[in-house]
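A quick write-up on the structure given underneath.
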Amino acid sequence: MAYVISDACVSCGTCESECPVGAISQGDGQYVIDADSCIDCGTCASVCPTGAINEG
């Protein structure tokens, strides 16, 4: 199951640069994860300073 970014996202961009497959992009107001591209590695969740990324 793909990871998802909650409303706790502060749009810092840390997760985007760490994603090995480029599944994260800036959305309207916060970053979003493309579920079809996400490989469930958890790298984004481990670097998120606000804990806004969790398994969906």
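The values are calculated or read from the model by the stated rules, or taken from the named source; none is laboratory data. This is a predicted model, so every value here is computed, not measured. Counting neighbours? That spans all protein chains shown, and the Cβs are built from the backbone with ideal geometry, glycine included.
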Number of the condition not met by Met1 [criteria: (1) in a loop (DSSP other than H, G, I, E, B); (2) of a type outside the set (Lys, Arg); (3) at pLDDT 95 or above; (4) touching a strand residue (DSSP E or B) at 6+ places or on another chain (Cβ under 8 Å)]: (3)
Matching residues, segment 21-56, being of a type in the set (A, V, I, L, M, F, W, C) and under 13 Å from Ala2 (Cβ atoms): Val21, Ala23, Ile24, Val32, Ile33, Ala35, Cys38, Ile39, Cys41, Cys44, Ala45, Ile53
Filter result (touching a Gly at 6+ places or on another chain (Cβ under 9 Å), part of a loop (DSSP other than H, G, I, E, B) and not hydrophobic (A, V, I, L, M, F, W, C)) within segment 8-49: Ser11, Asp34, Ser37
Condition met for Val21 (at pLDDT 95 or above, surrounded by fewer than 12 Cβ atoms within 10 Å (Cβ to Cβ), over 14 Å from Gly56 (Cβ atoms) and of a type in the set (Val, Ile, Thr)): yes
